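Asker: Okay, here's the structure, questions in a sec.
The values are calculated or read from the model by the stated rules, or taken from the named source; none is laboratory data. Quick caveat, the model's predicted, so the values are computed rather than measured. Surface areas here come from the heavy atoms of the whole protein model, side chains and all, with no ligands, DNA or RNA. Shrake-Rupley method; radii C 1.70, N 1.55, O 1.52, S 1.80 Å.
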Amino acid sequence: MSNRIHIFDTTLRDGEQVPGCGLSKKEKIIIAKALEELGVDIIEAGFPISSPGDFEAVKAVSREVGDVTICALSRAVEKDIECAAEALKYAKRPRIHTGIGTSDQHVFTKIRTTREDILERAKACVRYARKFVGDVEFYAEDAGRTDNEFLAQVIEAVIKEGATVVNIPDTTGYCLPEEYGKKIKYLVDNVKGIEKAIISTHCHNDLGLSTANSIEAIKNGARQVECTINGIGERAGNTSLEEVVMILKKHHWLNFETGINTRQIYPISQLVSTTMNMPIQPNKAIVGSNAFAHSSGIHQDGVIKNRDNYEIIDPEEVGVNESSIILTARSGRAALNFRIGKLGVQLSKDELEHVYQRFLQVADRITIVNDAELKNLVSKYLITNVNF
């Protein structure tokens, strides 16, 4: 089994479904080109049947972005599939992503039908999509809560119909990592012909487990991860692209690789946040403003001496210029001296102690001491040393 993990980005589809995050055609093209530069394998550009605007946006992305697979979503409905195919007509590598709910919850209370009918509709949608494109991905919506035996039956059937990728979504973010991993392993072991298709994950973050579930799925046989920049997505969001990619990069023993240029992670994170009007929480892994910031004196001293003491990622690996030493009342002399040094000022031990005592008074008053305050401290008490 290949150790190459395909990165399927759905920022433009699942991410755009977030209230207030709608994108214009021009904005979708800008982000799509940035995703291409980032190195994703597949871009899910939208859901063409949902609106004329999204249809045109998917078509435009298909025309403008040429070196990655462009994917369009559809339900298991012929009109949806036809619309997706038309929107993808300019794509060099088109993929139709079609499917239906498979959990008893969806079958009996949402779709209000039978398992037998679901099986037939699953086969029919893949069969119909294959008339338009050679690359068809089938999604078993709410697979996370689907009985494994029935799920295997559906997956085996759609592979026989020509599905090239089978998506096993944890649609509600319900599964535990071990449970989701075992589900993927069950399919690997029990679906005849599973080697003819790539198993994909699409995990939501309702319980904060989307990244963990995706990694566990990879370890058990999945070779495509569906994710978004900054983890943006419905409700609590989707699997975060940057988290999955950096986990695989940092844990070499897992022996998996992606095609992502990690130095582009922070720039595209900022682009998506700004364009989609979705702020990034400061403590967000990899791309949050505090991800490489240190304010505790003990941590600051350790990082100044050797970055590896408290940082497992070099900021430059993900496109961040450098770590930040934030001066607060919790900062120690080492951090203060480091930041003063950045201003071009060298202090003796006694001078540093003098400034440090004044610094603590300021830090207690204003919480964070910025460069302007720091310059005032140094200028007032060590005027002979200052050379700004």
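Asker: When a/c reaches 1.5 or more, the comparison of a/b and b/c decides; with that in mind, is the range 272-377 rounded, prolate or oblate per its Cα gyration tensor? Let's see the in-between values first.
Answerer: Numbers: a/c = 2.32, a/b = 1.67, b/c = 1.39.
Taking the square roots of the gyration eigenvalues as a ≥ b ≥ c, the range 272-377 is prolate.
Asker: Right, here's the next one. So what is the calculated 222 nm ellipticity per residue for the chain, using -39500 (n - 2.57) for each DSSP H run with n of 4 or more, over all residues, to the nearest 500 deg cm²/dmol? Please report the intermediate quantities before stating the final value.
Answerer: Numbers: 13 runs with 158 residues, N = 388.
Helix contribution divided over all residues of the chain: -12500 deg cm²/dmol.
Asker: By its C-alpha gyration tensor, with a ≥ b ≥ c as the square roots of the eigenvalues, how is the range 115-266 shaped: rounded for a/c under 1.5, else prolate for a/b larger than b/c, else oblate?
Answerer: Because a/c hits 1.5 or more and a/b exceeds b/c, the range 115-266 counts as prolate.
Asker: Next up: Roughly what % of DSSP beta bridges within the range 139-239 run antiparallel, to the nearest 5? List each step's numbers first, then the result.
Answerer: Working: 1 of 11 bridges.
Close to 10 percent.
Asker: Sort Ser289, Ser273 by heavy-atom solvent-accessible area, probe 1.4 angstrom, most to least.
Answerer: Reading off the accessible areas and sorting them downward yields Ser289, Ser273.
Asker: List the relative contact order of the chain as a percent without decimals, with contacts defined as Cα pairs under 8 Å and 6+ residues apart.
Answerer: Working: 772 pairs, mean separation 51.1, N = 388.
For the chain, the relative contact order is 13 percent.
Asker: Would you mind checking Lys28/Lys131; Lys305/Lys342; Lys28/Lys219; Lys92/Lys196; Lys131/Lys196; Lys123/Lys183 for any pair whose Cα atoms are more than 24 angstrom apart?
Answerer: Values: Lys28/Lys131 27 Å; Lys305/Lys342 15 Å; Lys28/Lys219 32 Å; Lys92/Lys196 22 Å; Lys131/Lys196 19 Å; Lys123/Lys183 21 Å.
In this structure, Lys28/Lys131; Lys28/Lys219 lie more than 24 Å apart at Cα.
Asker: Okay, next question. Leaving ligands and nucleic acids out of the surface, order Arg130, Arg112 by accessible area at 1.4 Å, largest first.
Answerer: Order by accessible area, largest first: Arg112, Arg130.
Asker: If you don't mind, there's one more thing I want to ask. Over the range 283-383, calculate the relative contact order: mean separation of alpha carbon pairs under 8 Å at least 6 apart, over the residue count, as a percent.
Answerer: Details: 97 pairs, mean separation 25.6, N = 101.
About 25 percent, as a whole number.
Asker: List the aspartates and glutamates whose Cα sits under 14 Å from the Cα of Lys89, skipping any in the same chain fewer than 8 residues away.
Answerer: Glu56, Glu64, Asp135
Asker: In addition: Taking Cα pairs under 8 Å and at least six residues apart, what relative contact order does the range 150-256 come out at, in percent?
Answerer: 25 percent.
Asker: Which percent, to the nearest 5, of DSSP beta bridges fully inside the chain are antiparallel?
Answerer: Here the share of antiparallel DSSP bridges comes out near 5 percent.
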